[in-house]
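Here the structure is laid out as C-alpha cells; the discussion comes afterwards.
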Amino acid sequence: MRCRKCPKRAVLGLSRHNTAFCGDCLTEFVRTQVQRAIKAQQMFAPEDRVLVAVSGGKDSLTLWEILLKLGYRVDALYVDLGIPGYSSRSKEKVEQFAKVVAEPCGSQLTIHTVEEDAGAGIKELANLIKRPTCSACGTIKRYQFNRVAWQNHYDVMATGHNLDDEAARLLGNVLQWQEEYLQKQSPSLPASVEGFAKKVKPLYRMTEREIAAYAVVNRIDYLVEECPMAKGAKMLVYKDALNRLEAESPGTKQRFYWGFLDRQEKSSSVAPSMSQIDQTTLQPCSVCSQPTTAGTCSFCRMMARAKTAVK
Amino acid sequence: MKVHLSHPTRDLIIQGPKRVADIFKELNLIPEAFLIIRGQDLMTEDETVADGDSIEIRPVISGG
Ligand code: SF4
Ligand SMILES: [Zn+2]
Ligand SMILES: [Zn+2]
C-alpha cells in the first residue's frame, strides 16, 4: 500500500477516510486534526496555559507531545494511584517522557501521590469505604486535576479522551437513557462556576488506533499494559461492539459521536446550557470550597469516611 | 513466524509467509482494535509477514 499523499510506503490504512498514510503524512494528519478540534470547539488560544492529565498510556502522552509540537504552553499532572506494580511502571513512562521530550521544551510535570495525601493507595481506600475501585479513582482524579488546575491558575485542563472513548460513553449513556450525562459529553466544557476549571478533549476527532499509530511512528514510549482494575469494564464491551460495526461500515463511530455533537449544538439555543444549570445547582464545598451540588463534595465525604473507617 | 500479543501477554508461532489481513482472520481479531508492528515499523493489512519474522500484535483499546 502506498501513501495517498506522497510516493512513500503507507504505514496505516484509514478506512473511515478511505485513505492511507506514510509515517510523515500520518503525523501531519493527526496534528492538523487536533489543531482543528482546538479551533472548532474554542478549546484554548496560544497564550493560554494548559494542564494535561497524563497516565503513561498512549492517549495522554500523545496529547502532551502534540500540544508541545503545536507550540502550546502546556504542563502535565500525573496522579500516582498506588496500584502495586502498575502505578510504578506507568509513572516511570511519564517521568521518562517528561525528562526526554517535555522538559527540553520548558514543560513541567507535577506528580500527586494519593498515598501521601490520603494515607493509603486507591485500592485500600476503596475497600475502606466499600466503593468500587474505579468509582473512588474517578472521584479522586477529577478532584485533584481540578484542584491543581485551579490553584495554579491554568486556563484549561486537557484529557486524552479519543473518539472511541466518547462514542463508547455515548452508547452507554443512550442505552441507559442517562440524559443528565449527555449534557456533559461535549469535548469542551466551560468553567461554569468559580472553582471549576475549563475541561477539553483535543483528541475527540481521532480513533484509538490512529493515536496508537501516531505514538509508534513518533517513538512515544508509552505503557501498553492496562490498569489491572480495568478488566471486564463495561466500556470495553461497548468499544468492541462499536469496532465490529465500524468494520462493517467504516465511519460509524465518527457519525455517531459527531452527529450527536451537531444535534447538541443545534438544540443548545432552546435548552438551558450546562453553565446555566451549574450556576443554579453548584455551591462551594463546606470543607474544601470546590464546587459541589451537595453541602460537602464527594471527595471530602469520601476522605471523611476513610478516616472514620480507620479508627 | 513469532507473534507477540498483550492483555494477557503471550507468544504464538504461526506458519508463514502470511498477509497481515489473514493473520487477523486466523486469530479472529478485529483489525480496528490492533496494530501490527515489525521491529519499530507499522505494517498495513496488505503486507506479508515472512516465516522468519517476529511481529507484535498490539491492542490499541483501553478500558479506563
Ligand atoms: S481502571 Fe479504574 S482504577 Fe484503573 S485507572 Fe481507570 S478508573 Fe482508575
Ligand atoms: Zn506520505
Ligand atoms: Zn470538598
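The values are calculated or read from the model by the stated rules, or taken from the named source; none is laboratory data. Keep in mind it's a predicted model, so treat the numbers as computed, not measured. Glycine gets a Cβ as well: all are built from the backbone with ideal geometry, and neighbour counts include every protein chain shown. Side chains included, ligands, DNA and RNA excluded: accessible areas come from the protein's heavy atoms. Shrake-Rupley method; radii C 1.70, N 1.55, O 1.52, S 1.80 Å.
For chain B, with only Lys/Arg (+1) and Asp/Glu (-1) charged at the beta-carbon, what is the dipole magnitude about the Cα centre, in debye rounded to 20? Can you show the working numbers first?
Details: 7 positive and 11 negative charges, 41 e Å.
About 200 debye.
How big is the A-B contact in terms of buried accessible area, both chains counted, 1.4 Å probe, rounded to the nearest 100 Å²? Let's see the in-between values first.
Working: alone 16080 and 4380 Å², together 18200 Å².
The contact between B and A buries close to 2300 Å².
Under the rule a/c < 1.5 gives rounded, and otherwise a/b versus b/c splits prolate from oblate, where does the range B:2-59 land using the Cα gyration tensor? Intermediate values should be presented prior to the final figure.
Details: a/c = 1.25, a/b = 1.13, b/c = 1.11.
Rounded, since a/c falls under 1.5.
Hey, got the average number of other protein chain Cβ atoms within 10 angstrom for residues in B:41-48? Write out the running numbers ahead of the final one.
Numbers: counts 5, 10, 5, 9, 5, 4, 4, 0.
Other-chain Cβ atoms within 10 Å of each residue's Cβ, averaged: 5.
What is the ratio of the Cα radius of gyration of chain A to 2.2 N^0.38 Å, where N is its residue count, to two decimals? Before the final figure, lay out each step's value.
Values: Rg = 19.8 Å, N = 311, 2.2 N^0.38 = 19.5 Å.
Relative to the rule-of-thumb radius for its length, chain A sits at 1.02.
Amide H neighbours of A:LYS5 under 5 Å, at least 5 residues apart or on other chains, H built in the peptide plane: list them.
A:CYS22
State the percentage of accessible surface on the range A:23-277 attributable to carbon and sulfur atoms; use a 1.4 Å probe and exclude ligands, DNA and RNA.
Numbers: 5960 of 11650 Å².
The C+S portion of the solvent-accessible surface of the range A:23-277 is 51 percent.
To the nearest 20 Debye, how big is the dipole of the protein assembly as shown about its Cα centre, given +1 on the beta carbon of each Lys and Arg and -1 on that of each Asp and Glu? Walk me through the numbers before you get to the answer.
Values: 50 positive and 44 negative charges, 98 e Å.
Rounded to the nearest 20 debye, it is 460 debye.
Accessible area per residue of chain B at 1.4 Å probe, in Å²?
On the way: 3190 Å² over 64 residues.
Per-residue value: 50 Å².
Looking at chain A, do any whole DSSP H helices span at least 15 angstrom along their long axis by alpha carbon and average -1.0 or above on Kyte-Doolittle, and which? Write out the running numbers ahead of the final one.
Values: long enough: A:23-40 (25 Å, -0.17); A:58-69 (16 Å, 0.21); A:86-97 (17 Å, -1.62); A:133-151 (27 Å, -0.43); A:163-175 (18 Å, 0.32); A:234-248 (22 Å, -0.43); A:252-267 (22 Å, -1.59); A:298-310 (18 Å, 0.33).
Helix filter hits for chain A: A:23-40, A:58-69, A:133-151, A:163-175, A:234-248, A:298-310.
Can you list the residues, at least 5 places off or on another chain, whose amide H is less than 5 Å from the amide H of A:SER55, using H built in the peptide plane?
Residues meeting the amide H criterion: A:SER60, A:LEU61.
Would you please name the chymotrypsin sites (Phe, Trp or Tyr not before Pro) within the range A:161-267 that are DSSP coil residues with at most 13 other C-beta atoms within 10 Å of their C-beta? Let's see the in-between values first.
Details: sites: A:TRP177, A:TYR181, A:PHE196, A:TYR204, A:TYR214, A:TYR222, A:TYR238, A:PHE256, A:TYR257, A:TRP258, A:PHE260; in loops: A:TRP177, A:PHE196, A:TYR204, A:TYR222.
When the chymotrypsin sites (Phe, Trp or Tyr not before Pro) of the range A:161-267 are filtered for loop state and at most 13 Cβ neighbours within 10 Å, A:TRP177 remain.
What net charge do the residues around A:SER15 carry, taking every other residue with its C-beta under 15 Å from that of A:SER15, with Lys and Arg at +1 and Asp and Glu at -1? Could you put the intermediate results ahead of the total?
Values: positive: A:ARG4, A:ARG16, A:ARG209, A:ARG244, A:LYS253, A:ARG255; negative: A:ASP164, A:GLU208, A:GLU210, A:GLU246, A:GLU248, B:GLU32, B:GLU45, B:ASP46.
Spelling it out: positives minus negatives among the neighbours equals -2.
Roughly how many Å² is the accessible area per residue of chain A, as a whole number, for a 1.4 Å probe?
Details: 15010 Å² over 311 residues.
Ligands and nucleic acids excluded, the result is 48 Å² per residue.
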